[in-house]
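The values are calculated or read from the model by the stated rules, or taken from the named source; none is laboratory data. Just so it is clear, the model here is predicted, and its values are computed rather than measured. Cβ: placed from backbone, ideal geometry, glycine included. Neighbour counts: every protein chain shown.
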Amino acid sequence: TTYKLLLLPGDGIGPEVMAEVERVVAVLGEAGLASFETETDLVGGAAVDAHGVPLADATLARARAADAILLGAVGGPKWTGVAYENRPEAGLLRLRKDLLLFANLRPALCYPALADASALKRELVEGLDIMIVRELTGGVYFGEPKEITTLPDGSKRAVDTQVYTTGEIDRIARVAFDLARKRGNRVASVEKNNVMKSGVLWKEVVTQLHAAEYADVELEHVLADNCAMQLVRRPKQYDVLVTDNLFGDILSDAASMLTGSLGMLPSASLGEVGADGTRAALYEPVHGSAPDIAGKDAANPLAMIGSLAMCLRYSFGLGEAADLVDGAITDALAGGARTRDIASEDSKVLGTKGMGEAVVAALKSR
Ligand code: NAI
Ligand code: MG
């Protein structure tokens with residue numbers, strides 16, 4: 001099978017880290033491990049400059065036609081003057097919204113070579129491998145009513161509404177259970193059923209789905225506040241965590257600090273499985289366009305390369321190729337390759353290209 005990959009490098013360091021992914025893609029192709037047809041297009045500020053909008057209709061059509069999308073990053077000081085609806089970030093939001101990307105996957109993985117860069121002690125994080133599955137299109141960020149009103153005494157009242165339906169909970173829980181089967185086979189479902197109705201329904205739907213279709217996966221229910229505590233106390237107890245939009249936002253940011261630098265963190269956003277069995281998917285590093293280091297060959301490309309590995313695994317079912325790419329990242333780090341963001345005092349610092357070369361070399365010798 002030849003897979004259609006749409007590359008959207010975007011702004012700032014986006015094109016720099018994407019260039020390293022292209023080298024990895026080329027090596028996989030030459031080795032006969034995976035066959036890709038890649039297309040490259042503009043998004044974010046780059047698209048604003050060329051088309052006046054951060055995501056052109058033609059680009060969206062390409063995104064729909066692709067088997068998966070890899071995105072670098074969008075935004076930067078150059079575009080602070082453009083209209084709000086045309087700001088670079090709006091291009092990414094339009095992609096997420098149009099492709100109905102409801103499931104956000106954020107792994108928190110601690111490479112042994114970087115365990116000392118964690119916010120926690122080495123023994124607590126060495127070998128850490130958690131996958132946080134966050135619901136991305138529902139919950140309190142989108143629920144209605146959402147408003148600020150003025151009360152008779154002149155003071156104000158703000159309302160945000162947490163809304164979840166059975167269908168929304170069921171589909172995100174499925175993503176988590178399916179992922180768990182490919183990993184450690186354990187799911188922790190996170191909500192607050194002690195004080196929230198949405199938590200009561202969340203727990204009920206997850207429990208029913210588990211009994212009906214996923215009884216082989218180990219399931220535990222964790223209150224969100226306790227989960228935050230456990231992530232700092234004993235993070236390695238978790239395999240897959242599944243939670244709503246708000247809790248997922250907070251818990252995934254906290255978990256990311258267990259692993260070192262922003263430059264190390266990949267992510268995936270998945271849509272629904274269509275009638276033909278395919279699903280829209282966007283893979284991107286967690287970091288932004290890093291204008292402070294853009295154009296200096298200083299960005300860490302590992303989050304972007306790790307996003308490619310997620311794409312191989314979750315969109316294309318190419319577990320072996322994904323393992324090779326992840327393994328090459330591990331080997332490069334073990335061999336001492338460091339960009340500035342993950343360097344310690346005595347390490348020799350590589351640029352973006354140098355780190356890409358180290359990964360390619362490690363890949364070739366695997
Ligand atoms: P940022 O993630 O771009 O940078 C934060 C800090 O981390 C900076 O000091 C940067 O140099 C460093 N950093 C980020 N990625 C790195 C990498 N791969 N290697 C080494 N160091 C790295 O976040 P910031 O500065 O808040 O935002 C900059 C721009 O990016 C803004 O326009 C923002 O809106 C946009 N942004 C875009 C995102 C996206 O495309 N998904 C996500 C977050 C921010
Ligand atoms: Mg956040």
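Scan segment 228-235 and give yes if some residue there is within 16 Å of ligand 2 (Cβ to nearest atom) and within 16 Å of the chain's Cα centre (by Cα), otherwise no. Scanning segment 228-235, I find no residue that is within 16 Å of ligand 2 (Cβ to nearest atom) and within 16 Å of the chain's Cα centre (by Cα), so the answer is no.
Consider segment 89-102. How many of its residues are aliphatic (A, V, I, L, M) and touching an Asp or Glu at 6+ places or on another chain (Cβ under 7 Å)?
Summing the residues that are aliphatic (A, V, I, L, M) and touching an Asp or Glu at 6+ places or on another chain (Cβ under 7 Å) in segment 89-102 gives 1.
Which strands (runs of 3 or more DSSP E) sit wholly inside segment 184-289 and have at least 1 residues that are outside the structural domain of ALA103 (by TED's automatic domain parsing), of a type outside the set (S, T, N, Q) and farther than 26 Å from ILE342 by Cβ? Once the strands (runs of 3 or more DSSP E) in segment 184-289 are filtered for at least 1 residues that are outside the structural domain of ALA103 (by TED's automatic domain parsing), of a type outside the set (S, T, N, Q) and farther than 26 Å from ILE342 by Cβ, what remains is 186-191, 218-223, 240-243. Annotation: GLY277 fulfils all but one of (1) at negative phi; (2) without any contact (Cβ under 8 Å) to a residue 24 or more places away in the chain; the unmet one is (1).
Which one of these is more than 23 Å from the chain's Cα centre (by Cα) and more than 16 Å from ligand 2 (Cβ to nearest atom): ASP57, ASP11, ASP41, ASP67?
ASP57
Considering only residues that are within 16 Å of ligand 2 (Cβ to nearest atom) and under 9 Å from GLY44 (Cβ atoms), look in segment 76-98 and name the one that is surrounded by the fewest Cβ atoms within 10 Å (Cβ to Cβ). Restricting to residues being within 16 Å of ligand 2 (Cβ to nearest atom) and under 9 Å from GLY44 (Cβ atoms), the top hit is GLU89. If you go through segment 228-253 and pick out every residue that is of a type outside the set (A, V, I, L, M) and either within 16 Å of ligand 1 (Cβ to nearest atom) or crowded, with 21+ Cβ neighbours inside 10 Å (or both), you end up with 10. Can you work out which of the residues in segment 307-366 that are assigned to a loop (DSSP other than H, G, I, E, B) and hydroxyl-bearing (Ser, Thr, Tyr) is surrounded by the most Cβ atoms within 10 Å (Cβ to Cβ)? The qualifying residue surrounded by the most Cβ atoms within 10 Å (Cβ to Cβ) is THR339.
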